[in-house]
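Novice: To start, I am sharing the structure in question, which I have written as structure tokens.
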Amino acid sequence: MSSSSDAPSLPAALAEIREDFLALPERERLQLLLEFANELPDLPERYASAPGLLEHIEECQSPVRAFAEVDDAGVVHFYATAPAEAPTTRGFASILAQGLSGLTVQEVLDVPDDFPMSIGLTRAVSPLRIGGMNGMLTRAKRQVREQVAARG
């Protein structure tokens, strides 16, 4: 795999996730995605009791909601919900929750837009599901930019 020398490198957590997927034979990558589905962090109470605060991800076939929150220290936290009966979508949400949470604003904005395509699942899951992960990442970046702009 070649990469452009001027492209920002992936944050450590996302780089590790990508390497974990790419280290597996293609047929075993879906199993790893299902393991991520079981690791989707629970929502903090403020979102669990008001799921409407999270944005609906229209690109997902399943009812997925997500929100990237920037705290006062400029650290991003990504929260998502996805039903247990949609394990691939839930797995993608978990990858982003684990990979984006704890990053700085700039680190999140620098995540390559094609990250979902880079983890070796394009032949294991449908393009529609990859599009759902793209939708989550795109919205997370937009939400981060909006919060930074609102703070001036």
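The values are calculated or read from the model by the stated rules, or taken from the named source; none is laboratory data. Remember, it's a predicted structure, so these values are computed and weren't measured experimentally. Quick reminder, even Gly has a Cβ in these numbers, built from the backbone with ideal geometry, and neighbours come from all protein chains shown. Please note that ligands, DNA and RNA were not included when accessible areas were found on the heavy atoms of the full protein model with its side chains. Shrake-Rupley method; radii C 1.70, N 1.55, O 1.52, S 1.80 Å.
Yes or no, residue by residue, for (1) open to solvent by 70 Å² or more (accessible area, probe 1.4 Å); (2) at pLDDT 95 or above; (3) part of a helix (DSSP H, G or I):
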| site | (1), (2), (3) |
| --- | --- |
| 84 | yes, no, no |
| 89 | no, no, yes |
| 96 | no, yes, yes |
| 99 | no, yes, yes |
| 132 | no, no, yes |
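Novice: Those residues that are open to solvent by 10 Å² or more (accessible area, probe 1.4 Å) and aliphatic (A, V, I, L, M), I need them from the stretch 71-81; list them, please.
Specialist: Taking the stretch 71-81 and keeping what is open to solvent by 10 Å² or more (accessible area, probe 1.4 Å), we get 71-75, 77, 79, 81.
Within the stretch 71-81, 73, 75 qualify.
Novice: Determine the pairs where a residue that is under 15 Å from residue 137 (Cβ atoms), located within the stretch 81-110, has a partner that is of a type in the set (Asp, Glu) and open to solvent by 10 Å² or more (accessible area, probe 1.4 Å) with Cβ atoms under 6 Å apart, the partner being 6 or more residues away or on another chain.
Specialist: Within 6 Å, the pairs are 94/39.
Novice: Take the residues in the stretch 39-61 that are outside any strand (DSSP E or B) and touching a residue at least 40 places away in the same chain (Cβ under 8 Å), then tell me which one is surrounded by the fewest Cβ atoms within 10 Å (Cβ to Cβ). Steps first, answer last, please.
Specialist: In the first step, residues of the stretch 39-61 are kept if they are outside any strand (DSSP E or B); the result is 39-54, 57-61.
Now narrow it down to the ones that are touching a residue at least 40 places away in the same chain (Cβ under 8 Å): 39-41, 57-61.
Numbers: 39: 12, 40: 22, 41: 14, 57: 27, 58: 10, 59: 18, 60: 23, 61: 15.
If we take residues in the stretch 39-61 being outside any strand (DSSP E or B) and touching a residue at least 40 places away in the same chain (Cβ under 8 Å), then 58 is surrounded by the fewest Cβ atoms within 10 Å (Cβ to Cβ).
Novice: On to the next question. Those residues that are part of a loop (DSSP other than H, G, I, E, B) and without any contact (Cβ under 8 Å) to a residue 60 or more places away in the chain, I need them from the stretch 111-122; list them, please.
Specialist: Applying the first criterion (part of a loop (DSSP other than H, G, I, E, B)) to the stretch 111-122 yields 111-114, 120-122.
Within the stretch 111-122, 113, 114, 122 meet the criteria.
Novice: Next question. Would you call residue 107 more than 22 Å from residue 15 (Cβ to Cβ), of a type in the set (D, E, K, R) and either surrounded by fewer than 20 Cβ atoms within 10 Å (Cβ to Cβ) or in contact with a Pro (Cβ under 9 Å, 6 or more places away or on another chain) (or both)? Don't jump to the end; show me each part of the working.
Specialist: Working: more than 22 Å from residue 15 (Cβ to Cβ): no; of a type in the set (D, E, K, R): yes; either surrounded by fewer than 20 Cβ atoms within 10 Å (Cβ to Cβ) or in contact with a Pro (Cβ under 9 Å, 6 or more places away or on another chain) (or both): yes.
Answer is no for this residue.
Novice: Any residue at all in the stretch 12-22 that is open to solvent by less than 20 Å² (accessible area, probe 1.4 Å), modelled with pLDDT under 95 and either touching a helix residue (DSSP H, G or I) at 6+ places or on another chain (Cβ under 6 Å) or among the aliphatic types (A, V, I, L, M) (or both)? Steps first, please.
Specialist: Residues of the stretch 12-22 that are open to solvent by less than 20 Å² (accessible area, probe 1.4 Å), as a first pass: 14, 17, 21.
With modelled with pLDDT under 95 added as a condition, the list becomes none.
No: zero hits.
Novice: Condition check: modelled with pLDDT of 90 or more, surrounded by 18 or more Cβ atoms within 10 Å (Cβ to Cβ) and within 18 Å of residue 129 (Cβ to Cβ). Does residue 68 satisfy that?
Specialist: Working: modelled with pLDDT of 90 or more: yes; surrounded by 18 or more Cβ atoms within 10 Å (Cβ to Cβ): yes; within 18 Å of residue 129 (Cβ to Cβ): no.
No; evaluated as a whole, the condition is false for this residue.
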